[in-house]
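Here is the structure we will look at.
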Amino acid sequence: MEYKMILTPEEEAILNGSQGETMAKVIKTLILYGETFGAKRFVDVTAPGHVVTSFGISVMSPVFNITQELIDAGLKAKAPFTVDPRPIDYANVKCNPIEKLIFSKILYGEQARYEAQLRKLGLKDQNAFTCACYLDQVGNTPKKGDILSWAESSAVVYANSVIGARCNRNSGIIELFGMILGKVPEFDLLTDEDRKAKWIIEVKTSKKPEAQVLGSAIGLKVMEDVPYIKGLNQFIGTTLDDETKSYLKDMGAATASNGAVGLYHVENLTPEAVEFGEDIINKDAKVYVIDDAELERVKASYPVMWKDPNGKPDRCFIGCPHLTYAQLGEWTDKFEAELKKQGKTKVGMNTIMTTAPDVLEAFKAGDKAHYDKLVKMGIHLTSICPLMYMNNPLCGKKNVITNSNKLRTYTTSRYYTNNEICEIAVKGEI
Amino acid sequence: MAREFKGRPVIAGECKVEAVVSRQGFNTLASFQKSALAKKKETIVSDQNNSDLFGKNITGKALCLPQTIGSTTGGMVIYTATALNIHPRAMLFSEPIDSLAAAGVILSDVWTNDTITAIDNLGQEFLDYVQDGMQVEIKMDGTVIVG
């Protein structure tokens with residue numbers, strides 16, 4: 001078969017089986033993938049990978065057959081990689097005996113086998129399970145200009161936008177193939193041209209917009225295009241400090257899940273907006289103005305998926321994507337103030353915060369005062385993926401509230417702003 | 001009256017099958033999830049947000065759509081559906097194929113014994129014209145004859 005991509009002699013040899021039949025299928029898949037999007041060549045991956053599939057869900061057994069074939073062929077990622085969070089944590093996210101049985105034996109019956117496969121393929125370590133692999137404590141933090149083979153939409157949009165690395169919105173399995181080959185086809189967000197903005201977003205709100213609603217509005221409007229956001233500096237400044245990076249993490253995840261954004265620029269703030277200014281905006285870019293009314297309209301458009309819309313909430317999830325170290329402290333203070341306001345000492349419902357295992361360890365050791373307060377308030381800390389926890393018929397029936405627009409989009413959970421959810425979680429009812 | 005549309009074959013193939021149409025983005029994970037989890041022999045679309053397809057059978061049919069949307073697990077979900085033999089026979093995109101759907105049809109082609117014929121760039125007129133239940137004939141060069 002004739003291919004349009006220009007291959008090096010080494011790549012040609014791999015395609016012809018010099019490294020075995022399985023490796024030939026790996027490169028063939030990546031060639032077909034690249035050619036679909038006009039890639040002319042492969043480029044080297046320059047930083048460790050991140051895998052989206054973290055769940056050993058029985059129905060995905062064909063995927064685990066591919067990973068087993070890779071292992072049997074002696075293949076491994078070129079560098080230790082991180083992976084999305086695990087789906088279950090019985091100690092901190094309580095399940096009844098029936099749920100536990102179904103999770104362990106039926107739904108996630110392949111979890112142990114799959115994690116063993118990941119270790120053989122080059123998993124970084126036992127703490128590598130997080131969607132926010134780029135956080136300092138986790139350490140899979142690329143540099144500006146690095147070429148990545150990642151999947152997980154919230155991590156890809158963060159790496160591209162906040163760090164200035166280069167990665168396409170890859171599907172699961174494709175990212176693993178790129179990590180094994182050590183190369184990815186060059187197209188779309190790996191090229192200068194396709195990193196230019198096709199939209200100008202003018203933020204004209206009266207106060208700092210809720211990150212998750214702003215991201216949702218942008219994603220729903222621009223879908224997969226690159227937006228250039230103006231007007232945010234007055235609210236979040238021009239420095240990429242911990243607070244601002246946390247804001248951008250949450251906003252970006254909403255752009256990627258409510259739409260399909262892989263890269264955004266924020267005027268005077270994100271690396272390429274600072275470097276190139278408005279030269280990074282396409283001449284024919286469209287304009288979308290976001291004011292208070294528009295944010296309210298977007299928020300009001302979210303459907304309520306609960307069987308009984310007036311029902312009492314069963315569980316509250318905060319931290320999708322996983323919370324940063326700074327956010328854990330901020331939420332502690334926020335809950336402390338709300339408890340005081342409502343004259344209580346403990347939250348009124350099952351409230352769970354999710355963060356990376358490495359961040360949680362650092363938080364327990366480095367900010368014991370805040371950690372102890374959270375425990376005392378009755379708040380649970382875990383490192384699971386709330387999305388994977390909820391993405392099954394059993395949990396889908398629960399009345400879950402969340403401050404995550406990603407979780408809202410993919411599950412039956414109901415979205416509330418940070419202030420609203422804090423008040424509801426303390427009160428125990430809406 | 002039959003109408004002819006011309007697209008780009010991403011995975012070339014020939015077949016004559018019944019159309020099932022989504023006018024909005026097809027959320028891959030949400031659509032396949034319930035049937036796959038229940039180990040059904042056919043995919044009955046479980047995405048409650050897609051009023052065009054919710055509750056409809058797409059196995060063995062020509063799924064007509066603008067693009068896919070949703071989680072980056074999308075490609076491997078399409079691959080899994082093919083491996084489990086509950087996949088559509090063809091995916092016909094009015095717009096350029098998205099990276100997740102492309103991954104899914106390519107993984108199906110290279111890593112299973114079956115394929116999903118995939119044609120993209122068929123245009124909005126195609127999506128406006130095609131209706132559920134119409135016969136769709138697909139040719140190797142990306143020609144799609146509807147009706």
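A few comments on the model shown:
- Residues that are open to solvent by 30 Å² or more (accessible area, probe 1.4 Å), at pLDDT below 95, out of contact with any Pro (no Cβ under 6 Å at 6 or more places or on another chain) and assigned by TED's automatic domain parsing to the domain that holds A:Gly20 occur at least once in segment A:77-88.
- Any chance B:Val17 is touching a strand residue (DSSP E or B) at 6+ places or on another chain (Cβ under 6 Å) and at negative phi: yes
- Answer from A:Leu32, A:Leu121, A:Leu70 - the residue that is more than 30 Å from A:Lys398 (Cα to Cα), within 12 Å of another protein chain (Cβ to nearest Cβ), touching a Phe, Trp or Tyr at 6+ places or on another chain (Cβ under 9 Å) and free of Cβ contacts under 8 Å to residues at least 60 places away in the same chain: A:Leu32
- Residue selection: A:Trp150 fails the criterion of being over 29 Å from A:Glu69 (Cβ atoms) and either surrounded by 21 or more Cβ atoms within 10 Å (Cβ to Cβ) or within 14 Å of chain B (Cβ to nearest Cβ) (or both).
- Of all residues in segment B:104-133 being within 12 Å of another protein chain (Cβ to nearest Cβ) and small (Gly, Ala, Ser), the one that is farthest from A:Met1 (Cα to Cα): B:Gly104
- A count restricted to segment A:256-272 and to residues that are assigned to a helix (DSSP H, G or I) and either surrounded by fewer than 24 Cβ atoms within 10 Å (Cβ to Cβ) or over 11 Å from the mean Cα position of the chain (by Cα) (or both) stands at 3.
- Considering residues of segment B:94-103 that are outside any helix (DSSP H, G or I) and within 9 Å of another protein chain (Cβ to nearest Cβ) only, the residue farthest from A:Ile174 (Cα to Cα): B:Pro96
- Test for A:Phe103: is it of a type in the set (Phe, Trp, Tyr) and at pLDDT 95 or above: no
- Filter result for A:Ser54 (assigned to a loop (DSSP other than H, G, I, E, B) and crowded, with 23+ Cβ neighbours inside 10 Å): yes
- When residues in segment A:115-131 are screened for being open to solvent by less than 10 Å² (accessible area, probe 1.4 Å) and assigned to a helix (DSSP H, G or I), 3 of them pass.
- Test: residue in segment B:85-93 that is assigned to a loop (DSSP other than H, G, I, E, B), open to solvent by less than 50 Å² (accessible area, probe 1.4 Å), within 14 Å of chain A (Cβ to nearest Cβ) and at pLDDT 95 or above: yes
- Of residues in segment B:110-138 being part of a loop (DSSP other than H, G, I, E, B) and touching a Gly at 6+ places or on another chain (Cβ under 9 Å), the one surrounded by the most Cβ atoms within 10 Å (Cβ to Cβ): B:Ile116
- Close pairs from segment A:279-302: first of a type in the set (Ser, Thr, Tyr), partner open to solvent by 70 Å² or more (accessible area, probe 1.4 Å), Cβ under 6 Å, at least 6 apart: A:Tyr288/A:Lys221
- Members of segment A:299-333 that are among the hydroxyl-bearing types (Ser, Thr, Tyr) and more than 21 Å from the chain's Cα centre (by Cα): A:Ser301, A:Thr332
- Subset of segment A:270-317 (residues that are of a type in the set (Val, Ile, Thr) and under 27 Å from B:Asn50 (Cα atoms)): A:Ile290, A:Val298, A:Val304
- Criterion applied to A:Thr409, A:Thr417 was being touching a residue at least 12 places away in the same chain (Cβ under 8 Å), closer than 25 Å to A:Gly259 by Cα and crowded, with 21+ Cβ neighbours inside 10 Å, and the one residue passing it is A:Thr409.
The values are calculated or read from the model by the stated rules, or taken from the named source; none is laboratory data. Note that the structure is predicted; figures quoted are calculated from it, not measured. In this analysis, Cβ positions are derived from the backbone assuming ideal geometry, glycine residues included, and neighbour counts consider all displayed protein chains. Ligands, DNA and RNA are excluded from the accessible area calculation, which covers all protein heavy atoms including side chains. Shrake-Rupley method; radii C 1.70, N 1.55, O 1.52, S 1.80 Å.
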